[in-house]
Amino acid sequence: PPSTQTPQQSFLGRIVGGQNARLGSHPWQASLQIRQRFFLSNVVSTVHMCGGTLVAPCWVVTAAHCIGTTSKTENFRVKLGVGRLDREVAGSEQGFDVEQIIVHEGWGKGQYEHDNDLEYCNTTATESRYVHTACLPQQGEALPADYNCDISGWGATSFKGAGSQELLEAQVKVIATPRCNTRQAYNGGLTDGAVCGLVACVQGDSGGPLVCPRPGGAEGAPPIHVLHGVVSFGEGCAQQYKPGVYTRVSRYVTWIQS
């Protein structure tokens, strides 16, 4: 792994109201795909099922609920540098088989806590203008309320609508956990392992990144993009009191690095 950061709940699988993302603007974005075999023709194809984030040349972070109880690596494939799911841009995409799946040992033992997972690819990704890692936060690092972050993925373009073939993006404003734990929201059901975020009618691909910019070290340097959340669950379409919930990556940096 890289070295460097109870209400009824439905897992997120859509970006509603997002805008098309420019190819290469989210180079850490991964598409976790599942293999499907057509029995009559014996043809095997892959279908996008969840988002993910490249955090090291061989490692992708996604949500544990995307994998479920299966650990059959041969069922999954990771693609990077993807803009459209239905059309490849020459020179942008890289595809890898999954060699190892590591689901957090705490997943499935309570409310949707510890909803994270690591995928180890059988080949090292090559850095390019379309493929690049996101940084990890420091262990325990917290985001201030109202901090602006970005989500991306191939979710639906309308609530309960079909998924988008085009990579979408949207900005999310971080909400303090106590506000998310009010009676109108999640009624105390969230722990410090969650980050809440809200924007007008936007939800992101399950397992996808919540990436937040951090100022660069030198004056005038570009911002550093830090993975602070993994898209986990939410209720409805960014309802006023039901913001999206993301697994807080800074709680799991030591686990990821181990």
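The values are calculated or read from the model by the stated rules, or taken from the named source; none is laboratory data. Fair warning: this is a prediction, and the values are worked out from it, not measured in the lab. All Cβ positions, glycine included, derive from the backbone under ideal geometry; neighbour counts span all protein chains shown.
Some notes on this structure:
The rows are residues; the columns are (1) farther than 30 Å from Gln33 by Cβ; (2) of a type outside the set (A, V, I, L, M, F, W, C); (3) at pLDDT below 75.
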{"residue": "Ala162", "(1), (2), (3)": "no, no, yes"}
{"residue": "Gln171", "(1), (2), (3)": "no, yes, no"}
{"residue": "Ala176", "(1), (2), (3)": "yes, no, no"}
{"residue": "Arg179", "(1), (2), (3)": "yes, yes, no"}
{"residue": "Val199", "(1), (2), (3)": "no, no, yes"}
{"residue": "Val202", "(1), (2), (3)": "no, no, yes"}
{"residue": "Cys212", "(1), (2), (3)": "no, no, no"}
{"residue": "Gly217", "(1), (2), (3)": "yes, yes, yes"}
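- Sole exception among (1) modelled with pLDDT of 90 or more; (2) closer than 24 Å to Trp59 by Cα for Gly155, by number: (1)
- Boolean, Ala90 is farther than 26 Å from Gly68 by Cα, modelled with pLDDT under 90 and in contact with a helix residue (DSSP H, G or I) (Cβ under 8 Å, 6 or more places away or on another chain): no
- Residue ranges of strands (runs of 3 or more DSSP E) in the range 20-65 with at least 2 members among the charged types (D, E, K, R) and either modelled with pLDDT under 90 or touching a helix residue (DSSP H, G or I) at 6+ places or on another chain (Cβ under 8 Å) (or both): 29-38
- Subset of the range 93-118 [of a type in the set (Gly, Ala, Ser) and either surrounded by 15 or more Cβ atoms within 10 Å (Cβ to Cβ) or at pLDDT 85 or above (or both)]: Gly95, Gly106, Gly108
- Looking across the range 113-138 at every residue that is under 20 Å from Ala64 (Cα atoms) and acidic (Asp, Glu), the one that is farthest from the chain's Cα centre (by Cα) is identified as Glu113.
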